[in-house]
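Reading through the structure tokens given below for one structure.
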Amino acid sequence: MAYLPKSKIKIKTAIKDELVFLNGNPFQGQYIATNSGRFYAGTNHLILGKELKPAPKPPTYGGYGNLDKSIDVHIHNILLPPVNNFVSSTRTISTSKPQPTEKDYTKGYYQRYFVKRINDFNYKEINKDTYNSILTRDGKYDHYLNEVGKLNWHLKGNVHKKNNTSITLTNRTFLNIKHLFPKLNEYHRIDSVPTPQNNLHTTGKELYYSDGKEYIGPYHIHPEKGPMVGAEHSSISHHKLYYPNQLLKTGNSKYQDFIEGLDKTGDNLLIIDKRPVKTEKAAAVEVKQQTTSTPSYGGGSSGGGGGGY
């Protein structure tokens, strides 16, 4: 098999001792999972990598067959009482979303902290005290099974681009951290009259339509909506553009609908938007049929590919 449509696969990340190659060699990293239950190394669905299979389960105690899980735990507690005593005395790590202070707004940024278990990629935001506690291993939390990180979060200026860069750099160490911070303009403050940043240009690998198609050409940055197609903002419907970390949405809803519903759902599990982008010809026909209106921020109707304003 050399090709699979995107609709029949999912891109996942294998942790240690989860998958192996067919020859038994261990595998760790991103892989393709098909809807038929097969696995392939890599993320290229056009040319599939080597096939994988679930890693064999480790032998049970003394080779006496499959022991009940409660028996395993009981034996573990007997053999390692110091570890068990430590874990039982630690606190549960609570989610926290500290708000930026006026001092932070004066600086233009502040630090956000997060934690994850060492064997998965499920992140939660925490406060500075919890971060320092785990980092210094003071015993309040289980520092053996959890690791912490932080990033700079920008509050002024072109926060869409700045925070996208901050997340991209952090993602090198903490894979999939982008799922924790999908709203790139969260806590953004505009001190003066909001005006777009006009006459910008991208040569590629920076901005994309909502379906993942790369955009090259002139663009502007709307003070509230972020980057959009065209050198200047206008009342004519035009595409929104997204940084790589924004090519995400939940279910069948639009990215913007997902962002607006974050506080209600608390669900940051995202997938790529696969809706088609309108051709220039189709967009021109649509514009011709529209009634000209006075330019306004956030005005206009959706132009496809993520919506136009």
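The values are calculated or read from the model by the stated rules, or taken from the named source; none is laboratory data. These numbers were taken from a predicted model, which means no experiment stands behind them. Quick reminder, even Gly has a Cβ in these numbers, built from the backbone with ideal geometry, and neighbours come from all protein chains shown.
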Test result for HIS222, of a type outside the set (Ser, Thr, Tyr) and under 24 Å from ASN122 (Cβ atoms): no
Members of the range 227-253 that are surrounded by fewer than 22 Cβ atoms within 10 Å (Cβ to Cβ) and either among the hydroxyl-bearing types (Ser, Thr, Tyr) or modelled with pLDDT under 85 (or both): SER234, SER235, SER237, TYR243, PRO244, ASN245, LEU247, LEU248, THR250, GLY251, ASN252, SER253
Looking only at the range 107-139, and only at residues there that are within 15 Å of LEU151 (Cβ to Cβ) and assigned to a loop (DSSP other than H, G, I, E, B), the one that is modelled with the lowest pLDDT: GLY108
Failed criterion for SER89 (all others in (1) surrounded by 13 or more Cβ atoms within 10 Å (Cβ to Cβ); (2) in contact (Cβ under 8 Å) with a residue 24 or more places away in the chain hold): (1)
Residue count for the range 204-226, restricted to those that are in contact (Cβ under 8 Å) with a residue 24 or more places away in the chain, of a type in the set (Val, Ile, Thr) and surrounded by fewer than 19 Cβ atoms within 10 Å (Cβ to Cβ): 0
Meets criteria (out of contact with any His (no Cβ under 6 Å at 6 or more places or on another chain) and assigned to a loop (DSSP other than H, G, I, E, B)) for HIS143: yes
Test: SER166 is out of contact with any helix residue (DSSP H, G or I) (no Cβ under 8 Å at 6 or more places or on another chain), part of a loop (DSSP other than H, G, I, E, B) and either assigned by TED's automatic domain parsing to the domain that holds TYR110 or more than 28 Å from LYS124 (Cβ to Cβ) (or both): no
Matching option when the condition is within 22 Å of ASN171 (Cα to Cα) and touching a His at 6+ places or on another chain (Cβ under 8 Å), among ILE15, ILE32: ILE32
Sole residue being farther than 26 Å from THR13 by Cα, aliphatic (A, V, I, L, M) and in contact with a Phe, Trp or Tyr (Cβ under 8 Å, 6 or more places away or on another chain), chosen from LEU175, LEU155: LEU155
Within the range 1-49, strands (runs of 3 or more DSSP E) holding 1 or more residues that are modelled with pLDDT under 85 and under 24 Å from the mean Cα position of the chain (by Cα): 9-21
Conditions (1) within 18 Å of THR165 (Cα to Cα); (2) modelled with pLDDT of 90 or more; (3) surrounded by 15 or more Cβ atoms within 10 Å (Cβ to Cβ); number of the one not met by HIS201: (3)
